1. For the pairs A:Lys68/B:Lys147; B:Lys125/B:Lys147; B:Lys141/B:Lys182; A:Lys68/A:Lys122; A:Lys41/A:Lys122, flag any whose C-alpha to C-alpha distance is greater than 18 Å.
2. Given only helices, namely DSSP H runs of n ≥ 4 each adding -39500 (n - 2.57), what is the per-residue ellipticity at 222 nm of the protein assembly as shown, to the nearest 500 deg cm²/dmol?
3. Give me a single rounded figure for B:49-62: the average over its residues of other chain Cβ atoms within 10 Å of their Cβ.
4. If you take the Cα atoms of the protein assembly as shown, find Rg, then find the Kirkwood Rh from the mean of 1/r over all pairs, what is Rg/Rh?
5. Among the GluC sites (Glu not before Pro) in the stretch A:69-130, which ones are in a DSSP loop with at most 14 other Cβ atoms within 10 Å of the Cβ? Mind listing them?
6. Using a/c under 1.5 as the rounded threshold, could you call the stretch B:212-287 rounded, prolate or oblate? The axes a ≥ b ≥ c are square roots of the C-alpha gyration tensor eigenvalues, and prolate needs a/b larger than b/c, oblate otherwise.
7. How high is the relative contact order of chain A, in percent, with contacts defined as C-alpha pairs under 8 Å that are six or more residues apart?
8. Using a 10 Å Cβ count of at most 10 others and DSSP loop calls, identify the longest part of chain A lacking such chymotrypsin sites (Phe, Trp or Tyr not before Pro).
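Where a number appears in this text, it was derived from the coordinates with a stated rule and is not lab data. Treat the numbers as computed from the prediction; the structure is a model and nothing was measured. Note that we place each Cβ from the backbone using ideal geometry, even for glycine, and neighbour counts take in every protein chain shown.
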Amino acid sequence: MTTALENLPPAIAWFGRLLRRYPRAGRQLNRAAAPFENLTKVLMFGCNMCGQCILHETGMTCPMNCPKTLRDGPCGGVRMNGHCEVKPEMMCVWVKAERRSRWLPWREEILRVQEPLDWRLKGSSAILNMFSGPLLDERGRP
Amino acid sequence: MSAPHPAYGRFEQALRSGRPVVTCEVRSADGADPAAVRKRARLVRDWVDAVNVPDNTGGVVHASPWASCAILAQEGIDPIVHMTCRDRNRMALQSDLLGANLLGIRNVLCLTGDHMIHGDQPETKPVYDVDSIQLVAIATKLAREGKYLSGREVKPPPNLFPGAAANPFAPPYEYRPLRVGKKVDAGARFIQTQIVYNVDRFEEFMARVRDLGIDRRVPILAGVAPIRSVKAAQFMRDQVPGMEVPDPLIRRMAAAGDAKARREEEGIRICVEIIERLKKIPGLAGFHLMPIEWESAVAEICRQSGLRPATSPPAAGSSASPVSPLLNP
Ligand code: SF4
């Protein structure tokens, strides 16, 4: 078990290099894998398939369900009952994220300043993007 | 004051002075008459260190805030332009940051922006390409690294002084002080808070801010505002998400009756009382007055509460605008 875990990071790095070496195949694999990955994440976390997953930093709550698609924490409009300023019937995504993140051992990850989103990656596999980096074709498509 | 890019603007100088700083908000033009903005500017000019101009607050369209800010600069005021992520993508934000700076505007309050659903054009497409913290980071990158988001060089880089807002009155309360820290991490150089009516809640917030040492990393200005009528107070409580107006205040406003002079007097008195309580809270760098559509109240509040600008007011006829010779009538 330990050896398997120890070998995981180099294996991922190797796999990422492989995908980068053959970007066309990488993109095809990404397109094939995306529906499966996203289906699970949609069912489990209400994923919005942004292709740049930060679920683990946000208490496993998809921040893209926020009507303002905020990735760095709640806006100033959260209602007194913790509901969203835009959709009063919905609990604010970030109220949930903050509460859930307290259970995670890496809870302070929620304080990391996020990079602006790359909107081209919407719909692609976030896991493969993480391994290989974005694999874009000549026309900048994933 | 009239040099094109002084090393520090008056607002930054005020914050560096260590004395309590006073800023206030002035509406952007709601018509094509620059004189309206000049008139408001002159009402507040001698009482504050800097003046904020909001960006389509509540989702109601006004003139671009940087345009009104450029007029304020001609009036000798150091303007703070609000910039929201609601109406502009990252390209427009970068070009507005640079464009505003060309007109002598250095201070930018980076905001997410009230959603248009509360405004008069709710059918608009929301943008929200980046969020307020990423906007702070973009402004910092432009100014400090001299680079656009793409990595391309900006020559010469703009001289920006980015800041951000904080709302201690919206859940999750425990997260709010941490969020201020996150904004400072991204590069925020000053913080202006939502209007304080619930002083107890604000005290708790500031206690946590001091525990985290954030007040030593960034100057925090407490937002205050006079209430003009019971109706206005109820509107803020019920219709403005993220605002907390305690019932005792609403009862006091109701008790003041309907006569304009009486209720306005009471509104200003409440505001001054809140300022007096806030003055006792350690870790605050000053006050930010938000006299919603009531700029003439600023002088009265400052007079009664003894608030004075930390820096000396501009000489009459002076200008902080690098382009004023061309634009001035
Ligand atoms: S209240 Fe929460 S979910 Fe709603 S827009 Fe603000 S941050 Fe997003």
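1. Details: A:Lys68/B:Lys147 26 Å; B:Lys125/B:Lys147 29 Å; B:Lys141/B:Lys182 16 Å; A:Lys68/A:Lys122 16 Å; A:Lys41/A:Lys122 14 Å.
A:Lys68/B:Lys147; B:Lys125/B:Lys147, as the Cα separations exceed 18 Å there.
2. Details: 16 runs with 187 residues, N = 471.
Value at 222 nm, helices only: -12000 deg cm²/dmol.
3. On the way: counts 0, 0, 0, 0, 0, 0, 0, 0, 0, 0, 0, 0, 0, 0.
That average works out to 0.
4. Details: Rg = 23.9 Å, Rh = 23.8 Å.
Radius of gyration relative to Kirkwood radius: 1.00.
5. Taking the stretch A:69-130 and a limit of 14 other Cβ atoms within 10 Å, the loop GluC sites (Glu not before Pro) found are A:Glu89.
6. Values: a/c = 3.08, a/b = 1.92, b/c = 1.60.
It comes out prolate by the Cα gyration axes.
7. Details: 171 pairs, mean separation 46.7, N = 142.
Once divided by the residue count of chain A, the mean separation gives 33 percent.
8. Values: sites that count: A:Trp103, A:Trp106.
The longest uninterrupted stretch comes out as A:1-102.
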